Amino acid sequence: MNVKYPNLFAPIRLGNMMLKNRIISSPAGVPKANTPSSTHYGEISAYDRALGGAGLVINALYGCGLDPDPFSKYGADSTREILSVMKQSGAMAGYSIGAYANKMEDGKFVSLYPGEDPDKFPMKGRKGTIEEFRDFIKRTAQLCVTVKNFGFDMIMLHTSDSSTTSMMLSGWNDRDDEYGGSLENRCRWSKEFAQAIREAVGPDYPILARVPRTLGPIPESHTQEEAVFLCTQMAPYVDGFITYNGMDTYGKTIENYECNVHQQTTVFEPMDYNLSFAKQIKDATGKPVFLNAGVNGGPETPEKWIANGLIDGISMARQLFADPFWPKKAEEGRGDDIVPCLRCNYCYHISTVHQNVQCSVNPRFRRENRVPLELTKTDKPKNVIVVGGGPAGMKAALVAKEKGHNVTIVEKTDRLGGATNYAEYGKYKKELKQYRDYLIHQVEKQGIKVIYNTSATNEFITSLEPQGLIIATGAAPVTPRIKGIENATQILEVYPKLHSLEGKIVIIGGGAIGSEAAVELAEEGKDVTVIEMKDQLSLNENWLYRIALRQHVANCPTLTPMLETAVVEIKENGVVVKDKEGNESFVEADHILYSIGMKSNKDDAFALYGITPNTTMIGDCRRPGHILDCTNDAYFVAANI
Ligand code: SF4
């Protein structure tokens, strides 16, 4: 028995299946990349996640009428290989069954909805009849028998987010038949769905239902209490539940992702986002409940939740993208080696509109074909000097060390962390702080030499005789050329005492740093104005981040974003601004902060060229960016020395 996390690693029986631990690797649809053949049907990184030690690995969503058919003449062979991959490390293999009612019409599947307003629904479809909905149940029950006979160990009913279950329960259900009206009627289809599948697969075959807490902020959403009632209706036919929240796009335009940020939560939501829902289901049904969404960081917190009877286990997707070996590390009592997920959502194709689906902290994600699980140690160790101990520098040092080089970090201050050190103070920087702490701890644990309080002059670096030189000197805040700038303070300078600011606060620059600080202050009831030249806040951040930010800004009555507005002059008691029509006005302020971007420390970096030909700039000193850029730069440069 694991002594460090005894509850997380206690076995649990679900039907005729015994899980070796309480960790589920959730299904997660991610677009295909250059991955091994094992990762078909959108199940990217299944290979690593199956190796990583979860008790149960569930494949990506699939259901009746979706294309391609994994049990068809041509699909079965690939599915057999997926099954083999999922089981390769002793995990049980689960199959996710989509509860998306549909029907073949004119050679195409169309979605069946419980209401008359198809424009609101996620896919092309129309209102279905009772008979059509029941026919879908029949077909799905047959599919579940196929899944069982094929060799999958369990079924997860995807009765959440945009599924028929959610649509039936929501305000979009305008029926006056036995599927509409009362709450019991709106749960009826889902109950029949679960019952039919139970009858088809037999009493012992394990079934978990993933259920929707709410659909997010849309007015048509059902309530959390209605979702708990739904669970009581499905409970007789399933072995347990997995929590879920939010939904995929509603409506058919790309703007409609308001609910996705409640599905794949961002830094703006608490890490225990669905915990109260999980406990309510447990109390109402008496069935095991696995908490999904929001499990980020190490095993201590879920261990405590299980010990306190709030949940029975966890179900993770993104955290296992960030570190597929989370379960194994926890099992071995090495929680400090787990790479924490940032909840930045770069791994989610919707965030970057399919342009850049990567993981900010795991360079192997979707690149399993060219990034090995472990680097081969070099037989020619080099003297590698890394200049700068920020996230890029630390990551590069760790990778070079893993490769077997002799590594030294030269850091100009008395601490590691670089620009991430301001995460110490931000309410919405908890994940970044976790990641910074992880990197610092790993640098110490790997025994990497760090020379503190030392300027990396050409002369000093030359004296270290580097055979590989990685420059990660970061970036510095830009000071705007605005009349009266001496009356304002760069925001990072006041971050440690941000909460002591009283009175009216003006923040010049609505990027991520300025916006997060503004929301944080406004949530304390402070009067904050953000002045931004662009037409929205945090334009350099990804789509879902911006949606989450916008939702939080909308909930702050004391926060005023002034968009498409320029600062003309900064005075002691406020700022003169000009809107896009050229109208000037004065915004009073007791504190004026600015955060208008970062500028690469290129001169510092350029001065170090010529010491060794093997010299590369990485991270913000090359181009200010995100942790994603730091990780990619650092990994590939250091791995190739
Ligand atoms: S991209 Fe961000 S949210 Fe996704 S797994 Fe990586 S760190 Fe987590």
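A few notes on this one:
- Residue match in the stretch 604-621 (condition: surrounded by 15 or more Cβ atoms within 10 Å (Cβ to Cβ), in a strand (DSSP E or B), more than 16 Å from the ligand (Cβ to nearest atom) and under 33 Å from the mean Cα position of the chain (by Cα)): yes
- Subset of the stretch 468-524 [assigned to a loop (DSSP other than H, G, I, E, B), within 30 Å of Met617 (Cα to Cα) and among the hydrophobic types (A, V, I, L, M, F, W, C)]: Ala472, Val478
- Residues satisfying the stated conditions in the stretch 366-388, i.e. at pLDDT 90 or above and within 16 Å of the ligand (Cβ to nearest atom): Val371
- Filtering the stretch 86-136 to residues that are of a type in the set (Ser, Thr, Tyr), assigned to a strand (DSSP E or B) and in contact (Cβ under 8 Å) with a residue 40 or more places away in the chain leaves Tyr95, Ser96, Tyr113.
- Flag if Leu157 is in the same structural domain as Ala200 (by TED's automatic domain parsing), part of a strand (DSSP E or B) and closer than 23 Å to Val201 by Cβ: yes
- Residues (touching a residue at least 40 places away in the same chain (Cβ under 8 Å) and not in a loop (DSSP other than H, G, I, E, B)) located in the stretch 528-543: Thr529, Ile531, Trp543
- Scan of the stretch 572-586 for residues that are closer than 18 Å to Ile491 by Cα and surrounded by 15 or more Cβ atoms within 10 Å (Cβ to Cβ), ordered by number: Gly574, Val575
- Restricting the stretch 295-323 to residues that are near the ligand (Cβ under 10 Å from one of its atoms) and part of a loop (DSSP other than H, G, I, E, B), the residue that is surrounded by the fewest Cβ atoms within 10 Å (Cβ to Cβ): Asn296
- The condition of being surrounded by 15 or more Cβ atoms within 10 Å (Cβ to Cβ) and within 16 Å of the ligand (Cβ to nearest atom) holds for only one of Val357, Val289, that being Val357.
- Within the stretch 622-641, being touching a strand residue (DSSP E or B) at 6+ places or on another chain (Cβ under 7 Å) and either within 16 Å of the ligand (Cβ to nearest atom) or not basic (Lys, Arg) (or both) holds for Pro624, Val637, Ala638, Ile641.
The values are calculated or read from the model by the stated rules, or taken from the named source; none is laboratory data. Everything numeric in this text was worked out from a predicted model, so none of it was measured. No Cβ is skipped: glycine too gets one built from the backbone with ideal geometry, and neighbour counts run over all protein chains shown.
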